[in-house]
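The values are calculated or read from the model by the stated rules, or taken from the named source; none is laboratory data. A quick note: this is a predicted structure, and the numbers were derived from the prediction, not measured. Here the Cβ positions follow ideal geometry from the backbone for every residue, glycine too, while neighbour counts run over all protein chains shown. Just so you know, the surface numbers come from the protein's heavy atoms only, side chains and all, with ligands and any DNA or RNA stripped out. Shrake-Rupley method; radii C 1.70, N 1.55, O 1.52, S 1.80 Å.
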Amino acid sequence: MRTTDKQPRTSPLVPDAVAREIARHDWNSIECGCGRPAGHLVDTLWDAAEGHPAAFRALEGHAFHNGVLRPPAPAVCGVLMAVWSAGPPRQSTREGLLWALLRFLGAEDDGSSHEAGLYGQCAAHIRACAPGLRDTATRRPGSESAAYAEGILNLLDLAV
């Protein structure tokens, strides 16, 4: 028997809050940075949520590219912050996630005149998790995670 509806993906490694954040977006209605509908990013986001460090780097060319944010950036950033908020990821996952957040915040503003632009939306998602970022920066001084967290906080003008 063949079904035309794809079953929602599940994983014991992905908290329900993260799965809900992935599911709440109509990914196919968002144009991806690669020019296709962003629906193909769902598997990458699940991989990131499961803790696969390479999944964060795989967002290059899709959510951001050459220092410019692309239309899926706010939704992708929301998922990454849900992963962050779900609990402390293991070190390699944490470093990949923090690297991606720096890419979002280090990108050119999309030129919109209000905070609801791509950059403003991403910054708002990240700013909401500032206490956890501050904790990472202060509890692991000298680590790669701390350096990433400090860079993120500095870009948000929330220096440690």
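The set of residues in segment 123-135 being part of a helix (DSSP H, G or I) and open to solvent by 50 Å² or more (accessible area, probe 1.4 Å) consists of 124, 125, 127, 131, 134, 135.
A Cβ distance below 6 Å, combined with a sequence gap of six or more or placement on separate chains, defines the contacts here; from segment 40-58, residues that are on the phi > 0 side of the Ramachandran plot reach residues that are assigned to a helix (DSSP H, G or I) and of a type outside the set (Gly, Ala, Ser) in the pairs 51/93.
When residues of segment 136-160 are filtered for being part of a helix (DSSP H, G or I) and either surrounded by 15 or more Cβ atoms within 10 Å (Cβ to Cβ) or touching a residue at least 24 places away in the same chain (Cβ under 8 Å) (or both), how many remain? Before the answer, list the steps.
Of all residues in segment 136-160, those part of a helix (DSSP H, G or I) come to 136-139, 144-155.
Then keep just the ones that are either surrounded by 15 or more Cβ atoms within 10 Å (Cβ to Cβ) or touching a residue at least 24 places away in the same chain (Cβ under 8 Å) (or both); that gives 136-137, 144-153, 155.
Going through segment 136-160 one residue at a time, the tally reaches 13.
In segment 102-130, the residue that is modelled with the lowest pLDDT out of those that are among the aliphatic types (A, V, I, L, M) and out of contact with any Leu (no Cβ under 7 Å at 6 or more places or on another chain) is 116.
Being of a type in the set (D, E, K, R) and over 24 Å from residue 22 (Cβ atoms) is true of residue 109.
Looking at segment 28-64, which of the residues that are farther than 23 Å from residue 10 by Cβ and assigned to a strand (DSSP E or B) is least open to solvent (accessible area, probe 1.4 Å)? The selected residue is 64.
Of all residues in segment 64-75, those that are among the aliphatic types (A, V, I, L, M) have Cβ atoms under 7 Å from Cβ atoms of residues that are open to solvent by less than 70 Å² (accessible area, probe 1.4 Å) and part of a strand (DSSP E or B), 6 or more apart or on another chain, in 73/64.
Of 92, 11, all but one fail to be more than 24 Å from residue 157 (Cα to Cα), among the polar types (S, T, N, Q) and open to solvent by 30 Å² or more (accessible area, probe 1.4 Å); the exception is 92.
Filter segment 33-59 down to the residues that are among the acidic types (Asp, Glu) and closer than 19 Å to residue 99 by Cβ, then identify the one that is modelled with the lowest pLDDT. Filtering first and then ranking leaves 50.
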